[in-house]
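What follows is a set of notes on a single structure, which appears directly below.
The values are calculated or read from the model by the stated rules, or taken from the named source; none is laboratory data. Treat the numbers as computed from the prediction; the structure is a model and nothing was measured. Here Cβ is always computed from backbone atoms with ideal geometry, including for glycine, and neighbour counts include all displayed protein chains.
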Amino acid sequence: MLHRADRRTATTKVVRETEAEAIAFIVGKAIGLQTGTASADYIQLYHGNAALLAESLEVIQRASAVILAALEEPSPEDSQVQTAETSTPTTTEGTAPEPRRSRRARSEAATTGAAA
């Protein structure tokens, strides 16, 4: 996403790699991945630093938001399941149907071992 943008020619490899790793860190954390120090280590490998991250904050936030929003969109399979669920309710008397969870919530539940 970032490596193909127009700004690729206007930025250095250090900037591109630092931004890409920061975005990967944010998205990974948001979906529940435990990255340890991998992102910080990678950024240091490319000589990225806090000042560069601060300068790139807007780009990092915008790209992370786009990726996380895409993870929230239901897949065609999810849409078919939801349509089937709403057209033929199967709840028993006195119980409410379980609320629909986002793809991110299902992913987090899977990584923590909770029932899906």
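Here is how the numbers come out for the structure above:
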item	result
Where Ser107 falls short, out of the listed (1) at pLDDT 90 or above; (2) surrounded by 14 or more Cβ atoms within 10 Å (Cβ to Cβ); (3) in a helix (DSSP H, G or I)	(1)
Close pairs from the stretch 30-53: first farther than 19 Å from Arg16 by Cβ, partner loosely packed, with under 11 Cβ neighbours inside 10 Å, Cβ under 7 Å, at least 6 apart	Gly32/Thr112
Residue satisfying all of: in the stretch 45-61; surrounded by 11 or more Cβ atoms within 10 Å (Cβ to Cβ) and over 16 Å from Thr12 (Cβ atoms); farthest from the chain's Cα centre (by Cα) among these	Leu57
Residue in the stretch 45-59 that is part of a helix (DSSP H, G or I), in contact with a helix residue (DSSP H, G or I) (Cβ under 6 Å, 6 or more places away or on another chain), at pLDDT below 95 and under 17 Å from Ala69 (Cα atoms) present	yes
Test result for Glu73, exposed (fewer than 13 other Cβ atoms within 10 Å of the Cβ) and in contact (Cβ under 8 Å) with a residue 24 or more places away in the chain	yes
Selection from the stretch 24-43 of residues that are part of a helix (DSSP H, G or I) and either in contact with a strand residue (DSSP E or B) (Cβ under 7 Å, 6 or more places away or on another chain) or loosely packed, with under 13 Cβ neighbours inside 10 Å (or both)	Asp41
